[in-house]
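If you scroll down you'll find the structure; I have some questions about it.
The values are calculated or read from the model by the stated rules, or taken from the named source; none is laboratory data. Everything numeric here is computed off the predicted structure, so don't read it as measured data. With ideal geometry, Cβ positions are generated from the backbone for all residues, glycine too; neighbour counts draw on all protein chains shown. Surface areas here come from the heavy atoms of the whole protein model, side chains and all, with no ligands, DNA or RNA. Shrake-Rupley method; radii C 1.70, N 1.55, O 1.52, S 1.80 Å.
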Amino acid sequence: MIRVRVIPVLLISKGGLVKSIRFKKYQYVGDPINAVKIFNEKEIDEIVILDIDATREGRGPNMQQVKEIAGEAFIPLAYGGGISKIDEIKEMFYLGVEKVILNSQAAKNPSLINNAAKLVGSQSVVVSIDVKKNFFGKYRVYTRNGTENTGMDPVVFAGKMQEEGAGEIFMNSIDKDGMYSGYDLELVKIVTDSLSIPLIICGGASSVDDFRPAIQHGASAVAAGSLFVFQRPHKAVLISYPSQDVLKEKLYSSL
């Protein structure tokens, strides 16, 4: 039996917790501190929190909010959004963050990955890669919360990030985000075939049943947002997480 990380992803906008559909149509779903407190009790492996406003607003991380969240999180915390300086990374680790997530700056300034890895170790540096298919069906890497097409192929870009010192790739399918249609297994396969570092796949999970195929196609961990904050079919806000018994039955024991 193989134990796989199953990671909730929380998005912060204007200080509140939001969820998106294809990186658009944002819906307010509550207070991030309350969500973290609930997840503390759910036996989760780690949590990803992304400030989706920071880069767009041209600012660094909200360190006061980072401090408040880290102070409440009794689980490993990975945080991203607006990180562009090595001093910001130092401060975030001082505040209690265990992993930093870099997205736009990874594409703009790859040396930051290398410098961060030297400072805190590769295992604590995650590169977030947002991917969308273009008109011709080709995968392309997007930055700035999915608004800027870099023109780069995700396979090539992920390989470059690995070379720079990233210890993990967090890959999100823009097309699948909030759609409950399952992970993009083709994307998982082509990217992981070229990597030796772990890949976390995000975007599209509709149930625990979607986790196993993603792992079988090469992902090392699975992540989800809507699945853990909404109760379907009416999308009422309800923070949830599968029990360890359910994960053993549906995921671990079949790998």
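With the requirement that a residue be hydroxyl-bearing (Ser, Thr, Tyr) and more than 21 Å from SER104 (Cα to Cα), what does the range 1-54 give you? Reasoning before the result, please.
Let us first name the residues in the range 1-54 that are hydroxyl-bearing (Ser, Thr, Tyr), namely 13, 20, 26, 28.
Answer for the range 1-54, where residues must be hydroxyl-bearing (Ser, Thr, Tyr) and more than 21 Å from SER104 (Cα to Cα): just TYR28.
Residue by residue through the range 41-62, note down the ones that are of a type in the set (Asp, Glu) and either surrounded by fewer than 18 Cβ atoms within 10 Å (Cβ to Cβ) or in a loop (DSSP other than H, G, I, E, B) (or both). Talk me through it step by step, then tell me what you get.
Filtering the range 41-62 for residues of a type in the set (Asp, Glu) gives 41, 43, 45-46, 51, 53, 57.
Once the filter is applied, which keeps residues that are of a type in the set (Asp, Glu) and either surrounded by fewer than 18 Cβ atoms within 10 Å (Cβ to Cβ) or in a loop (DSSP other than H, G, I, E, B) (or both), the range 41-62 yields GLU41, GLU43, ASP45, GLU46, ASP53, GLU57.
Select the helices (runs of 4 or more DSSP H) contained entirely in the range 63-150, then report the ones holding at least 3 residues which are open to solvent by 60 Å² or more (accessible area, probe 1.4 Å).
Per the criteria, 63-72, 86-95, 111-120.
Does VAL208 meet the test of being in contact with a helix residue (DSSP H, G or I) (Cβ under 9 Å, 6 or more places away or on another chain), of a type outside the set (Lys, Arg), surrounded by 15 or more Cβ atoms within 10 Å (Cβ to Cβ) and modelled with pLDDT under 95? Step through it out loud before you land on a result.
Values: in contact with a helix residue (DSSP H, G or I) (Cβ under 9 Å, 6 or more places away or on another chain): yes; of a type outside the set (Lys, Arg): yes; surrounded by 15 or more Cβ atoms within 10 Å (Cβ to Cβ): yes; modelled with pLDDT under 95: no.
No, not satisfied.
Hey, does the range 234-242 have a residue that's open to solvent by 50 Å² or more (accessible area, probe 1.4 Å), among the hydrophobic types (A, V, I, L, M, F, W, C), without any contact (Cβ under 8 Å) to a residue 12 or more places away in the chain and within 30 Å of LEU112 (Cα to Cα)?
no
Answer with yes or no whether ILE215 is modelled with pLDDT of 95 or more and either in contact with a Leu (Cβ under 8 Å, 6 or more places away or on another chain) or under 20 Å from ARG5 (Cα atoms) (or both).
When the stated conditions are applied, ILE215 passes them.
What do you reckon, is MET179 within 23 Å of LEU77 (Cα to Cα), among the hydrophobic types (A, V, I, L, M, F, W, C) and either out of contact with any His (no Cβ under 9 Å at 6 or more places or on another chain) or free of Cβ contacts under 8 Å to residues at least 40 places away in the same chain (or both)?
So MET179 fails the test.
Take ALA158 and decide whether it is of a type in the set (A, V, I, L, M), closer than 19 Å to SER254 by Cβ and open to solvent by less than 10 Å² (accessible area, probe 1.4 Å).
So ALA158 does not fit the description; no.
Also, I was wondering about something else. Given the residues PHE93, PHE23, which is the only one that is at positive phi and aromatic (Phe, Trp, Tyr)? It would help to see each step written out before you state the result.
Details: PHE93 fails: at positive phi.
Within the list PHE93, PHE23, the selection yields PHE23.
So which residues in the range 15-24 are in a strand (DSSP E or B) and either closer than 16 Å to HIS234 by Cα or open to solvent by less than 100 Å² (accessible area, probe 1.4 Å) (or both)? Give the derivation first.
Filtering the range 15-24 down to residues in a strand (DSSP E or B) leaves 16-21, 24.
Passing the criteria: GLY16, LEU17, VAL18, LYS19, SER20, ILE21.
Something else about it: Quick one: would you say GLU163 is open to solvent by 10 Å² or more (accessible area, probe 1.4 Å) and within 17 Å of ASP130 (Cα to Cα)? Walk me through how you get there before you give the answer.
Working: open to solvent by 10 Å² or more (accessible area, probe 1.4 Å): yes; within 17 Å of ASP130 (Cα to Cα): no.
Considered against the rule, which asks whether it is open to solvent by 10 Å² or more (accessible area, probe 1.4 Å) and within 17 Å of ASP130 (Cα to Cα), GLU163 comes out as no.
So VAL4 fits all but one of (1) touching a residue at least 40 places away in the same chain (Cβ under 8 Å); (2) open to solvent by 40 Å² or more (accessible area, probe 1.4 Å); what number is the exception?
Evaluating VAL4 over (1) touching a residue at least 40 places away in the same chain (Cβ under 8 Å); (2) open to solvent by 40 Å² or more (accessible area, probe 1.4 Å) leaves (2) as the failure.
Quick one: which of SER254, SER206 is out of contact with any Phe, Trp or Tyr (no Cβ under 6 Å at 6 or more places or on another chain) and of a type in the set (S, T, N, Q)? Working first, answer last.
Values: SER206 fails: out of contact with any Phe, Trp or Tyr (no Cβ under 6 Å at 6 or more places or on another chain).
From the options SER254, SER206, the qualifying one is SER254.
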